[in-house]
Amino acid sequence: MTRGYRARAAVAAERAADGRTRLTRLRSDGPLAPRAADDAVYLVGAAAGPLGGDELDLELTVGAGARLAVRSSATSVALPGDGPSGLTVRAVVGPGGHLDFAPEPTVAAAGCDHRAAASVALAAGATLRWREELVLGRYGERPGRHTGRLDVTYCGAPLLRHELCLDDPGTYGSGAVLGGAGASGAVLLVGEDLTREPYAAEGLSLLPLAGGGALISATAENSAVLRQRLVHGESVAWTAGEPDPNKTMSTGMATGMAGPGLVNDR
């Protein structure tokens with residue numbers, strides 16, 4: 001199958017005078033179709049994929065004091081096609097702004113060659129929740145090639161450089177990487193009141209970062225168990241070792257989002 005989309009989508013949020021967050025830009029392009037809802041902006045797949053040959057770009061801009069949550073309506077499946085595929089997310093969060101990026105998992109289907117790269121620039125006082133989940137292949141199949149990278153800066157200084165390259169089963173299948181796990185994921189938290197103590201449990205680790213924030217990493221046999229472990233890791237991170245399930249999933253959700261002033265740029 002040959003398609004080769006070159007798509008560029010964008011979402012921008014600003015804080016209004018009444019303190020509510022208003023979406024000022026919502027651009028859809030090709031397979032990337034952001035849609036506004038009361039609780040978040042949802043990425044809706046307007047076409048299958050990403051397919052080999054696709055290059056997709058998503059820009060997220062959060063103004064000073066604004067809050068934006070980004071979700072997806074369904075799991076994304078990276079499929080083989082005419083060459084490698086790529087998804088690049090670039091996010092900028094202004095002073096005191098908050099971004100909560102937590103789409104559904106990506107499935108690396110057999111034969112795919114996909115690279116997902118994200119860069120996040122946080123200004124002073126900005127906070128972040130960034131979740132990524134990967135499922136290694138559909139049911140009963142071996143996964144294709146997948147590389148995921150996340151680069152985050154705070155006030156211009158590096159906060160996190162993180163990459164997971166799954167291109168050789170003999171390497172990533174070892175106990176030093178994923179072992180026999182069928183799913184892998186991570187959550188990066190940047191904000192106040194995070195634990196400064198490392199934590200580990202079965203298939204889960206929490207690592208406080210030197211520049212502030214905490215990185216939660218997990219592996220599991222499937223996506224359901226993976227999500228449970230990441231949720232537990234978040235509760236530990238926010239409560240300095242005492243899990244609080246009421247805070248885990250609500251942290252960072254956009255509140256007070258309003259539609260007026262929206263620019264729907266397609």
What is the Cα centroid distance between region 1-38 and region 219-237, reported in whole angstrom?
-> 28 Å
Accessible-area ranking of CYS155, CYS165, CYS112, largest first, probe 1.4 Å = CYS155, CYS165, CYS112
For the pair GLU163 and ALA110, the simple spin-label estimate (label points 7 Å beyond Cα toward Cβ) gives in nm 2.9 nm
Mean residue ellipticity (222 nm) of the chain, computed from DSSP H runs ≥ 4 via -39,500 (n - 2.57), nearest 500 | -2500 deg cm²/dmol
With every protein chain left in place, what is the accessible area per residue of region 1-157 in square angstrom, probe 1.4 Å?
-> 40 Å²
Can you give the % of DSSP beta bridges in the chain that are antiparallel, to the nearest 5?
-> 45 percent
What shape does region 74-121 take by its C-alpha gyration tensor, where a ≥ b ≥ c are the square roots of the eigenvalues and a/c under 1.5 counts as rounded, a/b above b/c as prolate, and the rest as oblate?
-> oblate
Sticking with the crude label model, points 7 Å out along Cα→Cβ, report the distance from THR171 to ALA124 in nm, one decimal please.
-> 4.1 nm
Nonlocal amide H pairs with LEU58, under 5 Å, H built at 1.01 Å | ALA9, THR88, VAL89, ARG90
Residues whose modelled amide H sits under 5 Å from the amide H of ARG115, counting only those 5 or more places away in sequence or on another chain, are SER85, GLY86, LEU87, THR147
So how do ASP57, ASP18, ASP167, ASP193 rank on accessible area, 1.4 Å probe, biggest first, that is with the largest at the start?
-> ASP193, ASP18, ASP167, ASP57
How high is the relative contact order of the chain, in percent, with contacts defined as C-alpha pairs under 8 Å that are six or more residues apart?
-> 17 percent
With all protein chains present and a 1.4 Å probe, how do TRP238, TRP130 order by accessible area, largest first?
-> TRP238, TRP130
Amide H of SER72: which non-local residues (sequence gap of 5 or more, or other chain) have their own amide H closer than 5 Å, using H built in the peptide plane?
-> LEU43, GLU104
Of region 99-123, those with amide N under 17 Å from the point 7 Å along the Cα→Cβ vector of ARG8 are 119
In region 139-220, the GluC sites (Glu not before Pro) that sit in a DSSP loop and have at most 13 other Cβ atoms within 10 Å of their own Cβ are GLU141, GLU192, GLU202
Run the quick spin-label model on ALA16 and ARG142: label points 7 Å from Cα toward the beta carbon, then report their separation in nm to one decimal.
-> 5.4 nm
Regression test value, accessible area per residue of region 162-238, probe 1.4 Å, units Å², expected 45 Å²
Note on region 141-207: contact order normalised by length, alpha-carbon pairs under 8 Å, 6 or more apart, percent, works out to 17 percent
Out of all DSSP beta bridges with both ends in region 1-89, state the antiparallel percent to the nearest 5.
-> 45 percent
What per residue convex hull volume, in Å³, do the alpha-carbon atoms of region 78-236 yield?
-> 109 Å³
Leaving ligands, DNA and RNA out of it, report the carbon-plus-sulfur percent of the accessible area of the chain at a 1.4 Å probe.
-> 52 percent
In terms of the alpha carbon gyration tensor, root eigenvalues a ≥ b ≥ c, rounded if a/c is under 1.5 and otherwise prolate when a/b exceeds b/c or oblate, region 145-244 is oblate
Three-way shape call for the chain based on the alpha-carbon gyration tensor, with the a/c threshold at 1.5 | oblate
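The values are calculated or read from the model by the stated rules, or taken from the named source; none is laboratory data. Note that this is a predicted model, so its numbers are computed, not measured. So basically every Cβ, Gly included, is an ideal-geometry build from the backbone, and we count neighbours across all protein chains shown. The area values use the complete protein model at the heavy-atom level, side chains included, leaving out ligands, DNA and RNA. Shrake-Rupley method; radii C 1.70, N 1.55, O 1.52, S 1.80 Å.
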